[in-house]
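See below for the structure under consideration.
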């Protein structure tokens, strides 16, 4: 039985989620501890800032055992933990994993990072030797579903954060960003996210300006850049093709005069500016300059709102795709159940055959006529193979179990 146990940003506050995070370097050990439970045959762990989920193939549905393990592992009391958890079994577990991989269960609808995190969870479990036939196959199926959703819908085509929207606009103006220099003003979460998006799009160089050089350097180092103090911006402004600013300053940091000077030094090469601050970091008058493309946070929010609507429509299409693919995987699982039964049936038949053959060979060795031995072998084999099902069918008939009788006729293709 496939089972998912976890919590996420919808069911638990950050204070609780933080307590359930599995340190990446210890996940392998945790998995081996988890598969040491009597009921757990396969296991994987997905642990991010927004969710912690355990995926298992278990002998029977026993979330209580997993909950106890999770609480003990993180040294949290059961009463503190239980109200935040959810569990899904079989078809619901398969669907949940697909929705997570496609970003339909994320804080930001359709965000792509979660798929990479799921692939990492799969790799760690695979390396730890805690994946087997069912859970390993489910992960591969989930990745295929996510690929199909991202290919066949617009779930990831539209930016849904102001930072990402700004980077996308920059690409519309400059095309590839590998030859561009970006100046980021500030060092908060928004600027950090912007730096990450720029790095993913191959930005040529990053310059990060902040009042605290240490924080600026930490962000700049991610993109082969360097840090400067805010007071030194005029000396570096002309180098910047792209500017993002998000500070808590009560007064503008960039004025029309300094930008005019930079444009002249650049020989009127275009500058793209995004002011994400409230109040504004960049004077509104800068937008009137030729060769300057200035956007404020309200401009980008309109883009984000339109993008979210696009993603919501795509999410509806994604749900249909997931439902179809979950049904396909359910068919595969049921086929595996048949394989187990077929294997057991063949194993039993082989054992009966070997017993009858051994008896026949002994008879031949003792000098009995081969024709008589072969006739007895055929009778013994038929009687032994049909004894148990014949007895069961007689009892079924006595009990009025017509379904079993019909199933037998279908199974052996018997003529009515």
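In the chain, what percentage of the DSSP-assigned beta bridges are antiparallel, given to the nearest 5? The partial results should precede the final answer.
Numbers: 18 of 40 bridges.
In the chain, DSSP labels about 45 percent of beta bridges as antiparallel.
Take the Cβ atoms of residue 10 and residue 410, set R0 to 41 Å, and the FRET efficiency comes out at 0.30. Judged by the gyration tensor of its Cα atoms, with axes a ≥ b ≥ c, the stretch 1-46 is oblate; a/c meets the 1.5 cut and b/c is at least as large as a/b. So what's the angle, to the nearest 10 degrees on a 0 to 90 scale, between helix 113-128 and the longest Cα principal axis of the chain? Helix 113-128 and the main axis of the chain meet at about 50 degrees. Cβ crowding within 10 Å, taken as a proxy for footprinting-reagent exposure, orders 408, 130, 331 from fewest neighbours to most as 331, 408, 130. Taking a ≥ b ≥ c as the square roots of the Cα gyration tensor eigenvalues, the stretch 374-416 comes out oblate, since a/c reaches at least 1.5 and a/b does not exceed b/c.
Kirkwood hydrodynamic radius of the stretch 36-92, from the reciprocal of the average inverse Cα-Cα distance over all distinct pairs: 12.2 Å. Computed over the Cα atoms of the stretch 1-144, pair by distinct pair, the Kirkwood hydrodynamic radius stands at 14.9 angstrom. Cα gyration tensor of the stretch 162-304, axes a ≥ b ≥ c as square roots of the eigenvalues: rounded (a/c below 1.5), prolate (a/b > b/c) or oblate? The shape class here is rounded.
Residue 32 to residue 140: FRET efficiency via 1/(1 + (r/R0)^6), r the Cβ-Cβ distance, R0 25 Å, to the nearest 0.05?
Working: r = 22 Å, r/R0 = 0.88.
The computed FRET efficiency comes out at 0.70.
By count of other Cβ within 10 Å, fewest leading, how are 52, 324 ordered? Could you put the intermediate results ahead of the total?
Working: 52 24, 324 11.
With the fewest neighbours first, 52, 324 line up as 324, 52.
For the pair residue 362 and residue 349, the difference between a 0.36 nm per residue extended length and the Cα-Cα distance amounts to 2.7 nm. Were the residues from residue 92 through residue 179 laid out at 0.36 nm apart, the gain over their Cα-Cα distance would be 26.6 nm.
Cα convex hull, the stretch 89-197: 144 Å³ per residue, rounded to a whole number. Report the residues of the stretch 353-367 in range of a label on residue 384: point 7 Å along Cα→C-beta, backbone N strictly under 17 Å from it. Inside the label zone: 353-365.
Net length available on complete extension from residue 394 to residue 65 is 114.2 nm, with 0.36 nm assigned per residue and the Cα-Cα distance removed. Based on C-alpha pairs under 8 angstrom that are at least 6 apart in sequence, the chain has a relative contact order of 12 percent.
Any chance you could give the angle, 0 to 90 degrees and rounded to 10, that helix 133-152 forms with the longest Cα principal axis of the chain? Computed tilt is about 40 degrees. Eigen-decomposition of the gyration tensor built on the alpha-carbon atoms of the stretch 321-392 gives equivalent ellipsoid semi-axes of 43, 12, 8 angstrom, largest listed first. Against the chain, whose longest principal axis is taken from its Cα atoms, helix 91-101 shows a tilt of about 30°. Estimated from helices alone, the mean residue ellipticity of the chain at 222 nm is -18500 deg cm²/dmol (sum of -39500 (n - 2.57) over DSSP H runs with n ≥ 4, per residue).
The stretch 402-416 and the stretch 245-322 have their alpha-carbon centroids 72 Å apart. Cβ crowding within 10 Å, taken as a proxy for footprinting-reagent exposure, orders 311, 266 from fewest neighbours to most as 266, 311.
We did not get these values from a lab; they are worked out from the coordinates using the rules stated. Owing to the predicted nature of the structure, the values given are computational and were not obtained by experimental measurement. Cβ coordinates were reconstructed from backbone atoms using ideal geometry, including for glycine residues, and neighbour counts include every protein chain displayed.
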